[in-house]
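Beneath this line is the structure, given in structure tokens, with notes to follow.
What follows draws every value from the coordinates through simple rules; no lab data is involved. Just so you know, these numbers come straight off a predicted model, no measurement behind them. As a convention, Cβ positions derive from the backbone with ideal geometry for all residues, glycine included, and neighbour counts pool all protein chains shown.
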Protein chains: 2
Amino acid sequence: MDDIDRALLALLQQDALQPYAALGAAVGLSAGAVHERVRKLRDRGVIRRTTIDIDPSAVDRGVCAFVSVDASAWMGEARDAFAAVPEVQEAHITAGSSSVLLKVRTGDNEHLQRVLRRIHEIEGISRTNATIVLETFFERPLTQPTA
Amino acid sequence: MDDIDRALLALLQQDALQPYAALGAAVGLSAGAVHERVRKLRDRGVIRRTTIDIDPSAVDRGVCAFVSVDASAWMGEARDAFAAVPEVQEAHITAGSSSVLLKVRTGDNEHLQRVLRRIHEIEGISRTNATIVLETFFERPLTQPTA
DNA sequence: GTTGAAATACGAAGGCC
DNA sequence: GGCCTTCGTATTTCAAC
């Protein structure tokens, strides 16, 4: 994991469909060498997958909200319970007053209301507090430490 | 934007390196037709880009926190001010008591502290409140409405 | 949307530093 | 161990239908 690897990661983040030859030209290596490095980054799990970034409003997920959840018990299946709600994009355990923080995306406010109701009905949830996002400045991939 | 387009988006989210022939087999179309559909999805901006998903801990971003920020004035350059901090991965204006919510990723707690200090020094910021993430259940791509 | 052909890129092998 | 070059194969890309 050297500077060249980091540069490759940054380039692939911008456009994962670039030919290896182009990546090689950017970092001063041959296509074959880049190919080998990227393969290793995949094997090591540094690159988890190659995916597409979709405009949320184009797939009926234009509304975003963060939901604080008080999970009273030590919900063993909390992960699965939240994952079963497709509108929940992220679920984190936090160190604050509320134990779980969700990022939720829906098509409109009525849809959000339905999702909140569904979350509230999950076993072990005592309180939910939704904060609606009015505008998203940016959501970007991890910036690379330019060491 | 029909069911086939949505299916293609879901398949590309899982693996954007699949050959068009494989996508075609999955949705019952020829590779050429899939190619044309994907091109149009890109042109329309539904697919914003093809990128890689990086393991945060592999690039020194293993610590995650959400930061509530009170932006007193009507900071015109708020977006740029937050974007200038590379550790800020997301920035949203919210409808709650705090006006801005940031998602921040750092290498360790000391690094987080430095970032918080830097955010606090931004012109127009009166108060910050960080909530540290202890464990992330999941962060997943937008789930497709299976209409 | 399909088919088919040309251009291009991938992925593996072998040799070199 | 990492890099370069080469070659056969698979994929992309674009034409005509």
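The figures follow:
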| quantity | calculated |
| --- | --- |
| Convex hull (Cα only) mean projected area of the protein assembly as shown, reported in nm² to one decimal | 16.7 nm² |
| Teacher prompt: A:Asp43 distances to equivalent labels in other copies, 7 Å Cα→Cβ, nm | 4.1 |
| Copies compared at A:Ala21 - label distances in nm, ascending, label defined 7 Å from Cα in the Cβ direction | 2.2 |
| Integer Hz, Karplus 6.51/-1.76/1.60 couplings in order for the range A:130-140, x for Gly and Pro | 9, 10, 7, 8, 7, 8, 9, 5, 6, 9, 10 |
| The range A:97-128 versus the range B:32-51: alpha-carbon centroid distance in Å | 32 Å |
| Largest-first ellipsoid semi-axes for the range B:56-132, taking √(5λ) over the Cα gyration tensor eigenvalues, angstrom | 21, 12, 11 |
| Percent RCO, i.e. relative contact order, over chain A, from Cα pairs under 8 Å lying at least 6 residues apart | 26 percent |
| Estimated vicinal HN-Hα couplings, Hz - the range B:83-88 in sequence order (Karplus 6.51, -1.76, 1.60; Gly, Pro = x) | 5, 6, 9, x, 6, 7 |
| Alpha-carbon spread of chain A, three principal axes, descending order, Å | 57, 34, 25 |
| Least to most buried among B:Val46, B:Val115 (fewest other Cβ within 10 Å first) | B:Val46, B:Val115 |
| Ascending list, in nanometres, of distances separating the B:Glu123 label from those of the other copies (7 Å, Cα toward Cβ) | 5.6 |
